[in-house]
Structures are given as C-alpha cells and as structure tokens.
1. Step by step: first the residues of the stretch 124-159, then only those that are part of a loop (DSSP other than H, G, I, E, B) and under 14 Å from the mean Cα position of the chain (by Cα), then the one that is surrounded by the fewest Cβ atoms within 10 Å (Cβ to Cβ). Which residue is that?
2. In the stretch 179-186, is there at least one residue being of a type in the set (S, T, N, Q), assigned to a loop (DSSP other than H, G, I, E, B) and closer than 24 Å to G14 by Cβ?
3. Scan (1) farther than 20 Å from L71 by Cβ; (2) touching a Lys or Arg at 6+ places or on another chain (Cβ under 9 Å) for the single condition V94 breaks and write down its number.
4. Inside the stretch 59-83, can you point out the residues that are of a type outside the set (F, W, Y) and exposed (fewer than 10 other Cβ atoms within 10 Å of the Cβ)?
5. Take the conditions in a loop (DSSP other than H, G, I, E, B) and either open to solvent by 50 Å² or more (accessible area, probe 1.4 Å) or at pLDDT 90 or above (or both) and apply them to P174. Does it pass?
6. Can you find a residue that is out of contact with any strand residue (DSSP E or B) (no Cβ under 9 Å at 6 or more places or on another chain), closer than 30 Å to D92 by Cα, hydrophobic (A, V, I, L, M, F, W, C) and without any contact (Cβ under 8 Å) to a residue 60 or more places away in the chain anywhere in the stretch 61-70?
7. Yes or no: D195 of a type outside the set (G, A, S), at pLDDT 80 or above, on the phi > 0 side of the Ramachandran plot and not in a strand (DSSP E or B)?
8. Please specify each residue of the stretch 30-48 satisfying the condition of being more than 27 Å from the chain's Cα centre (by Cα) and not small (G, A, S).
Amino acid sequence: MPVVPASRVRALSGEGAFEVLAAARQLEGAGRHVVHLEIGEPDGATPPHVVEAGARALRDGHTRYVNPAGLPDLRDAIAASLAWRGVRATADRVVVVPGAKPMLFYALLAVLERGDEVLVPDPGFPIYPSVARFAGAVPVAYPLDASGGVDVARLTDLVGPRTRALVVNLPGNPTGGAASPDDLSAIATLAQRHDLLFRLHLEPVR
C-alpha cells in the first residue's frame, strides 16, 4: 500500500535550479559543453589548505558529535569576521548550520502560526514561500525595484493586520540587487513599526 504524504509535505515545492542542474549534467555526460547558470556555487576547486584541514581532522579522530551550535573555534572565527565587517556579534550568538535552507526553515517554523502572512521577495529564493506554506502561513510576494533591490514604499503598502514576518535577501537571489545603508534603515524601521520579525538572508559574495 503506497504511503500518502501529509498535506504539509505537499505544500513544499521543489527548486527548479536543481532540476536544470541534473539535466545539464546529463548533457555533459553525453559530451556536450554546458555553461552553468543554475546553481550558485564557486567555479574553482576547494583550496588545498581547506582540503588538507578536513583530511587532517579525520586523521586526528575529529569525527564525534560536537556542540549543537557548532565548533567553538569556528564560532569564534565567525564572530571575529563579523566584527571586522562592522557587525556586533559574539560567539555565543553564532550558530553554524549546513546551509541557508535549514536555518530559514528553523527560523520561520519557530515564529509562524497558521494564517500569518509572510512578506517574501519576488523574484526570490523558492524556499521562502515554500516554507511559509509548510508552516500554514500565507506567503505575500513583494515586487523588487528595477535594480533588483527592495522598494520600501511598495513594501509598506503590503503590510496588513496578519503580517507576521518579513524576509529580505541581500544581495538578491537571483537578481543580485543590493541595498544602501539608508534602505536597510528604512526596512528596519518598517519592521519595528509593525512589530514584524525581520529575517535578513545574506548571500555570500563570490
């Protein structure tokens, strides 16, 4: 007898980029040359010193469970990197995760109730509306401006009595749009005024 998935699982959508990647690799396997534009990952090989550090950790027996928030030395290094970039953070406020999607999942599931509305960028990362629906919430798309940035005036018009959270992705994926300090200040002010949970998803600059 086939297993019928729960309705909340059916609310999750896939990510077309990975389907395109699979098709592209099939073409490469058949000898075709493909220019990859689907997945955002570095083009170069992993640096040799990083490969060696991973191999050395395995040889030295670092294969056991660690602090759920991540290795203390790594969290210290991340906090130091953030401080160098002007972000006040201490290691006890840093959590290491295997990627952006799990953290987005955890954060939105932790705060959303059924019927809440979540403002998500459009175009944007497919996980945003997908997780909102999984949590029983309603994703509300906000359009980006011509440069792919956040238009705060248009965003303000979409805030309603059921709006619970705001997701901002910078630099924008897939647009690459950025935000000035003034833009970020205006977004933060909007979130504070309406008591919105403000989820800023920062994309690595490669």
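The values are calculated or read from the model by the stated rules, or taken from the named source; none is laboratory data. Owing to the predicted nature of the structure, the values given are computational and were not obtained by experimental measurement. Don't worry about glycine lacking a Cβ; one is built from the backbone with ideal geometry, like all the others, and counts go over all protein chains shown. Calculation scope for accessible area: heavy atoms of the full protein, side chains included, ligands and nucleic acids excluded. Shrake-Rupley method; radii C 1.70, N 1.55, O 1.52, S 1.80 Å.
1. Of all residues in the stretch 124-159, those part of a loop (DSSP other than H, G, I, E, B) come to 124-126, 135-137, 145-149, 151, 158-159.
Cutting the leftovers down to under 14 Å from the mean Cα position of the chain (by Cα) gives us 124-126.
On the way: G124: 21, F125: 23, P126: 18.
Applying the filter and picking the extreme gives P126.
2. Going through the stretch 179-186, the residues of a type in the set (S, T, N, Q) turn out to be 180, 185.
If we keep only those that are assigned to a loop (DSSP other than H, G, I, E, B) too, we end up with 180.
Those still in the list that are closer than 24 Å to G14 by Cβ too: none.
No: the stretch 179-186 contains no residue that is of a type in the set (S, T, N, Q), assigned to a loop (DSSP other than H, G, I, E, B) and closer than 24 Å to G14 by Cβ.
3. Result: V94 fails condition (1) only.
4. First, pick out the residues of the stretch 59-83 that are of a type outside the set (F, W, Y): 59-64, 66-83.
Residues satisfying the conditions are R59, D60, G61, T63, R64, P68, D73.
5. Details: in a loop (DSSP other than H, G, I, E, B): yes; either open to solvent by 50 Å² or more (accessible area, probe 1.4 Å) or at pLDDT 90 or above (or both): yes.
Yes; evaluated as a whole, the condition is true for this residue.
6. Of the stretch 61-70, the ones out of contact with any strand residue (DSSP E or B) (no Cβ under 9 Å at 6 or more places or on another chain) are 61-70.
Applying the additional criterion that residues be closer than 30 Å to D92 by Cα yields 61-70.
Now drop any that are not hydrophobic (A, V, I, L, M, F, W, C), which leaves 66, 69.
Pick out the ones that are also without any contact (Cβ under 8 Å) to a residue 60 or more places away in the chain and you get 66, 69.
Within the stretch 61-70, one or more residues are out of contact with any strand residue (DSSP E or B) (no Cβ under 9 Å at 6 or more places or on another chain), closer than 30 Å to D92 by Cα, hydrophobic (A, V, I, L, M, F, W, C) and without any contact (Cβ under 8 Å) to a residue 60 or more places away in the chain.
7. Numbers: of a type outside the set (G, A, S): yes; at pLDDT 80 or above: yes; on the phi > 0 side of the Ramachandran plot: yes; not in a strand (DSSP E or B): yes.
Against the criterion (of a type outside the set (G, A, S), at pLDDT 80 or above, on the phi > 0 side of the Ramachandran plot and not in a strand (DSSP E or B)), D195 qualifies.
8. Once the filter is applied, which keeps residues that are more than 27 Å from the chain's Cα centre (by Cα) and not small (G, A, S), the stretch 30-48 yields R32, H33, P48.
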